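Structure first, commentary second.
The values are calculated or read from the model by the stated rules, or taken from the named source; none is laboratory data. Keep in mind it's a predicted model, so treat the numbers as computed, not measured. Positions of Cβ are generated from backbone atoms using ideal geometry, with glycine treated the same way; all protein chains shown enter the neighbour counts.
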Amino acid sequence: MNKNLSIVYGATILFSLHYFLTTYISSSFLLQYFSNTTISLLYSVGSILTIIAFLTINPLLQKVGNNKLFLWCAILEFFTLIVMALSSNPYLIGAVFIIRHALIPLFFLSFDIYLEHWSERAKTGSIRGLFLMIFNACAPVAALASGSLIVVSVNAQQVYMAPYLLSAAFMLSLVIVNVVFFRGFKDSVYKQVKTGVLARELIHNKKIRSVFVASFLLQLSYTFMIVYVPLYLSSVLGMTIKDASIAIAFSLVSFILFQSPLGKFADMFNAEKNIIRGGLWIMFFSFLAIPFVTAPTILLWAVTLFVLRMGASFVEVGTESYFFKQIDDTNSQVIEFWRLSHPFAFVIGPLLGAIILSYTTLPYLFFVAAALLISGIILAKNIVYSNTSNVC
């Protein structure tokens, strides 16, 4: 394996442990201070901030380079985690959460640039599949650890202190890795394309548009998984956070099992289209099933969420493999647009959730999630394989 890719994969482990230690407890943590509607708005505001950052960051990336961008984000993330661990001020927690939520997609942008810089186009599916598998392999361990680290306390701030402090420790380790091991990275000359021209190109390019929609729907589905599934398990079904963490941790094993083999399969048979459509169908039926699973049983929910995550793992590998075969690391703005699917989803998802919850209850939210996936299944028919760059 390429030595530089090995370093990126090692950094991915640290980032993943940091990320998943708090991801599935964030909504429960915020519920101590805010209503469900306010939590939805916090996610949306953080995502709007991310969109602004993505649309304006290319000149900064060209000026300071990917290494410094990664380092600055990591240092800021470290301090936001410390504040969330130690503060009990709702206003400060809300503000810092928004900053954290906006930072996470910027890390993925940096990882994308590192991976594209050291990747061979013919091995894109395998490299991306392994990256995604490594990233998600840490999820079950981190989710179980976060559930175990939560303590019972009359002081709301102390309940979630340990997971956030441990997450900060992993982020500090990532700062050290960046300073020590990424010093030799040389940025390519990033192409500068006017935002309007790039947007029109992506809209009129059927193949990229279709895979972008599929990616957006995946990210939208993640908002329901991350924000509303834990709330549904705890506030509607009455599961403890520890039991919910066990079920969620088991479900994340699906990423470990499927993503690396799927990436190799995509490279061998140019099978991204079928992988994406198959995954969307699995997610569609899984979301439809959730409101009918009403028993707060760990095993039942572990299986239900495992199948849902299995579908997500298919869509994630298929979209990532297909998209990154169309570009290289000089297309930083195109990558930025690609990663905009995450913040756009986290604007629309929580806002949609807030609107739906103002008229009905949580279970109906999952019917809406299922219905939205139909458009992705239809549009995925337009995906046609090509091994040459198709984008600006």
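Okay, residues lined up against (1) in contact with a Lys or Arg (Cβ under 9 Å, 6 or more places away or on another chain); (2) of a type in the set (S, T, N, Q); (3) free of Cβ contacts under 8 Å to residues at least 60 places away in the same chain:
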| position | (1), (2), (3) |
| --- | --- |
| Ala53 | no, no, yes |
| Lys68 | no, no, yes |
| Thr80 | yes, yes, yes |
| Val83 | no, no, yes |
| Ser88 | no, yes, no |
| Leu106 | yes, no, yes |
| Ile127 | no, no, no |
| Met133 | no, no, no |
**OP:** State the number of residues belonging to the stretch 257-279 that are farther than 23 Å from Tyr9 by Cβ and not hydrophobic (A, V, I, L, M, F, W, C).
**Re:** 6
Original post:
What residue, of Ala169, Ala162, Ala199, Ala214, is modelled with pLDDT under 90 and among the small types (Gly, Ala, Ser)?
Top reply: Ala199
**OP:** Kindly indicate whether Lys191 is in contact (Cβ under 8 Å) with a residue 60 or more places away in the chain, under 30 Å from Ser28 (Cα atoms) and either surrounded by 23 or more Cβ atoms within 10 Å (Cβ to Cβ) or of a type in the set (D, E, K, R) (or both).
**Re:** no
**OP:** With the checklist (1) in a helix (DSSP H, G or I); (2) among the hydrophobic types (A, V, I, L, M, F, W, C); (3) more than 18 Å from the chain's Cα centre (by Cα); (4) surrounded by 20 or more Cβ atoms within 10 Å (Cβ to Cβ) in hand, flag the one item Ile327 doesn't pass.
**Re:** (1)
Subject >> Filter result (crowded, with 24+ Cβ neighbours inside 10 Å and either at pLDDT 95 or above or of a type in the set (Asp, Glu) (or both)) within the stretch 259-285 >> reply: Glu272, Ile275, Ile276, Gly279, Leu280, Met283
Subject >> Residue satisfying condition, being closer than 22 Å to Asp112 by Cα, over 19 Å from the mean Cα position of the chain (by Cα) and aliphatic (A, V, I, L, M), within set Ile241, Ile246, Ile208 >> reply: Ile208
**OP:** Kindly indicate whether Phe111 is aromatic (Phe, Trp, Tyr), assigned to a helix (DSSP H, G or I) and surrounded by fewer than 22 Cβ atoms within 10 Å (Cβ to Cβ).
**Re:** yes
**OP:** Name every residue in the stretch 330-356 that is within 21 Å of Ile104 (Cα to Cα) and outside any helix (DSSP H, G or I), in order of residue number.
**Re:** Asn331, Leu340
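The rows are residues; the columns are (1) surrounded by fewer than 21 Cβ atoms within 10 Å (Cβ to Cβ); (2) on the phi > 0 side of the Ramachandran plot; (3) small (Gly, Ala, Ser).
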{"site": "Leu299", "(1), (2), (3)": "yes, no, no"}
{"site": "Ala302", "(1), (2), (3)": "yes, no, yes"}
{"site": "Glu336", "(1), (2), (3)": "no, no, no"}
{"site": "Phe346", "(1), (2), (3)": "no, no, no"}
{"site": "Pro363", "(1), (2), (3)": "yes, no, no"}
{"site": "Ile374", "(1), (2), (3)": "yes, no, no"}
{"site": "Lys381", "(1), (2), (3)": "yes, no, no"}
**OP:** Kindly indicate whether Lys207 is charged (D, E, K, R) and surrounded by fewer than 18 Cβ atoms within 10 Å (Cβ to Cβ).
**Re:** no
Original post:
List the pairs whose first member sits in the stretch 13-30 and is over 12 Å from Ala168 (Cα atoms), whose second member is of a type in the set (Ser, Thr, Tyr) and buried (at least 21 other Cβ atoms within 10 Å of the Cβ), and whose Cβ atoms are under 6 Å apart, counting only residues at least 6 apart or on separate chains?
Top reply: Ile25/Ser146; Phe29/Tyr160
**OP:** Might you check whether a residue that is among the aromatic types (Phe, Trp, Tyr), modelled with pLDDT under 90 and out of contact with any strand residue (DSSP E or B) (no Cβ under 6 Å at 6 or more places or on another chain) occurs anywhere in the stretch 131-144?
**Re:** no
Original post:
Considering the stretch 345-366 alone, what residues qualify as being farther than 14 Å from Leu220 by Cβ and in contact (Cβ under 8 Å) with a residue 12 or more places away in the chain?
Top reply: Ala354, Leu357, Ser358, Thr361, Leu362, Pro363, Tyr364
Original post:
Of everything in the stretch 29-46 that's under 18 Å from the mean Cα position of the chain (by Cα) and among the small types (Gly, Ala, Ser), which residue is modelled with the highest pLDDT?
Top reply: Gly46
Subject >> Condition check for Thr294: modelled with pLDDT of 90 or more, surrounded by fewer than 17 Cβ atoms within 10 Å (Cβ to Cβ) and not basic (Lys, Arg) >> reply: yes
